[in-house]
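The values are calculated or read from the model by the stated rules, or taken from the named source; none is laboratory data. Owing to the predicted nature of the structure, the values given are computational and were not obtained by experimental measurement. Heads up, the Cβs are rebuilt from the backbone with ideal geometry, glycines too, and the neighbour counts pull from every protein chain shown. Please note that ligands, DNA and RNA were not included when accessible areas were found on the heavy atoms of the full protein model with its side chains. Shrake-Rupley method; radii C 1.70, N 1.55, O 1.52, S 1.80 Å.
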Amino acid sequence: MVIPIDMLDIESEVVDGPGSLAVLNCGVGDMKFSFDSAKPAEVERAKGVIEDMLRRGYILMIEEGGTWHRVKTFDAARCEYVILDNATEVPAAETEVVSTEEPKRKRRGRPRGVPAKSVRAVSVAPTSGG
Amino acid sequence: METEATVNPGVTWDLIHQCINQAAQLRGEWAGAPMPVHGIPLVVEPRYPFAGFNGFCLGGGADPRSSSDESDVRVVNSWYSVLHSATVYICEEPGNPRRFHVMLPEWGAKRLDYWVMNIGASQAWSVEAEFRALETLRGLVKRSAWESYVLTGSFFETSRRSGVQYLFRKLRPTIAIKAWRDRMHILTTLCLHPIGYYQETHAGVMVPTDDVMAHLLLMRSDEHYFWKKANHHPSWAASAGI
């Protein structure tokens, strides 16, 4: 699906609050757009944009509570970014009691939905080494 | 007052920028399209729709930095010599039974070469795009880091996960540093560009501050992926930009 970029209301000013999405662009500089969750048309348009970016292999990153997460997928029905919670590993050296049980495996992050309207996001095109 | 440009504007860099931006917009490509420049071939991420630009440069022909001799010299092996501060290449060519070696120093002219080619690649960027990127970066880092970047072209940030300190630099690979036994050690330098970059330069197809932002946000959000995708240059190499 091709979404003509000129059909979008691209903000010319810096928009960095919740519900905003900035795209690093090599032609015109960064493109930033936001959507009002109270306007269904804007929400639908934002969904299309986010799904299109993920389909094209763009890397989406969101900031939630001062922590940045990489977006794995997008739940269009709920308009939520799906991220993996950063799990922590329990190093064996920290355990004082010698246990006969099998050592704990590293826990993978659990997927969690984050409402798109509540976070700011930045999108980066597929990267290559340099 | 009429100038030569207004009488006969011809093809300008602004016009080329506009045409390429329009082509990207028509294809619905959010990040734009890479801008070819004269004499410096592009290296484009194969997954990107404009991967056809890979190896292309304006003016065509051979890379002016390469030898004009079209020989079939093949590099058999190479390594870095600490003694000579140079990379040693063992080469062979058809018809010559004896192999020979070439030593290319990693200091001096080779580092200057990167500087000069970066300036050549800057034709692809616009000052306006760089200013927009600066404003975006301003909202992503602390005031002290922002001021450091504006004044020196670099700033530090420590990863909360790994404790590795990163020195993010404009137009240079990011340096990963770790404290060990009361000293700071360079782990590696990480080179990565969204979409692509210009061959044998530190310049990406995006403005320099966009590259810095890509490094910064990837480090913050998925440090493992950042290390996996980036090219690692040893600190002694000219490509590391140290």
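Apply 1/(1 + (r/R0)^6) to the Cβ-Cβ distance of residue A:110 and residue B:144, taking R0 = 35 Å, and write down the FRET efficiency to the nearest 0.05. Mind showing how you got there, number by number?
Details: r = 35 Å, r/R0 = 1.00.
Computed FRET efficiency for residue A:110 and residue B:144 comes out at 0.50.
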Probe 1.4 Å, all chains present, heavy atoms only: residue A:21 accessible area in Å², nearest 10, is 10
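Could you tell me which of rounded, prolate or oblate describes chain B, using a ≥ b ≥ c as the square roots of the eigenvalues of the alpha-carbon gyration tensor, with rounded for a/c under 1.5 and, failing that, prolate when a/b is larger than b/c and oblate otherwise?
Details: a/c = 1.88, a/b = 1.05, b/c = 1.79.
Oblate, since a/c reaches 1.5 and b/c is not below a/b.
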Kindly write out, for segment B:48-55 in residue order, the coupling ³J(HN,Hα) from the Karplus curve 6.51 cos²θ - 1.76 cosθ + 1.60 (θ = phi - 60°), rounded to whole Hz, with x marking Gly and Pro. 7, x, 8, 5, x, 6, 4, x
With x for Gly and Pro, the residue-by-residue ³J(HN,Hα) of segment B:187-204, computed from phi through the Karplus equation 6.51 cos²θ - 1.76 cosθ + 1.60 at θ = phi - 60° and given in whole Hz, is 7, 5, 10, 10, 10, 7, 9, x, 6, x, 8, 9, 4, 6, 9, 9, 8, x
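In Å² (nearest 100), what accessible area is buried between A and B, both sides summed, heavy protein atoms only, 1.4 Å probe? Write down the numbers at each step before the final one.
Values: alone 9270 and 15080 Å², together 20540 Å².
Looking at A and B, the buried total is near 3800 Å².
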Using the Karplus curve 6.51 cos²θ - 1.76 cosθ + 1.60 with θ = phi - 60°, what ³J(HN,Hα) values do you get for each residue of segment A:119-129, in whole Hz, with x for Gly and Pro? 10, 9, 10, 10, 10, 10, 5, x, 9, 10, x
I'd like the GluC sites (Glu not before Pro) in segment B:150-242 restricted to DSSP loop residues with at most 13 other Cβ atoms within 10 Å, sorted by number. none
Taking the Cα of residue B:183, stepping 7 Å toward and past its beta carbon, and measuring to each backbone N in segment B:206-242: which are under 17 Å? B:235-236
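Run the dipole for chain B about the Cα centre, Lys and Arg Cβ at +1, Asp and Glu Cβ at -1, nothing else charged, and hand back the magnitude in debye, nearest 20.
Details: 23 positive and 24 negative charges, 265 e Å.
Once rounded to the nearest 20, the dipole reads 1280 debye.
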Distant-in-sequence amide H partners of residue B:87 (H built 1.01 Å from N, under 5 Å): B:81, B:104, B:106
Nonlocal amide H pairs with residue A:127, under 5 Å, H built at 1.01 Å: B:195
Return one whole number: the accessible area per residue of chain B in Å², for a 1.4 Å probe. 55
Sorted by chain and number, the residues with a modelled amide H under 5 Å from that of residue A:73, at a separation of 5 or more or across chains, are A:82
Quick one: net charge around residue A:29, please, counting Lys, Arg +1 and Asp, Glu -1 for every other residue with C-beta under 11 Å from its C-beta. -3
B:224, B:185, B:215, reordered so the largest accessible area comes first (probe 1.4 Å): B:224, B:185, B:215
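Rounded to the nearest 0.05, what FRET efficiency do residue B:12 and residue B:98 give with R0 = 51 Å and r taken as the Cβ-Cβ distance? Could you check?
Details: r = 53 Å, r/R0 = 1.03.
It comes out at approximately 0.45.
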Using r as the Cβ-Cβ distance of residue B:82 and residue A:36, and R0 as 56 Å, what FRET efficiency do you calculate, to the nearest 0.05? 0.40
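Taking K and R as +1 and D and E as -1, what net charge do the other residues with C-beta under 11 Å from the C-beta of residue B:94 add up to?
Values: positive: B:74; negative: B:72, B:92, B:93.
Result for the local shell: -2.
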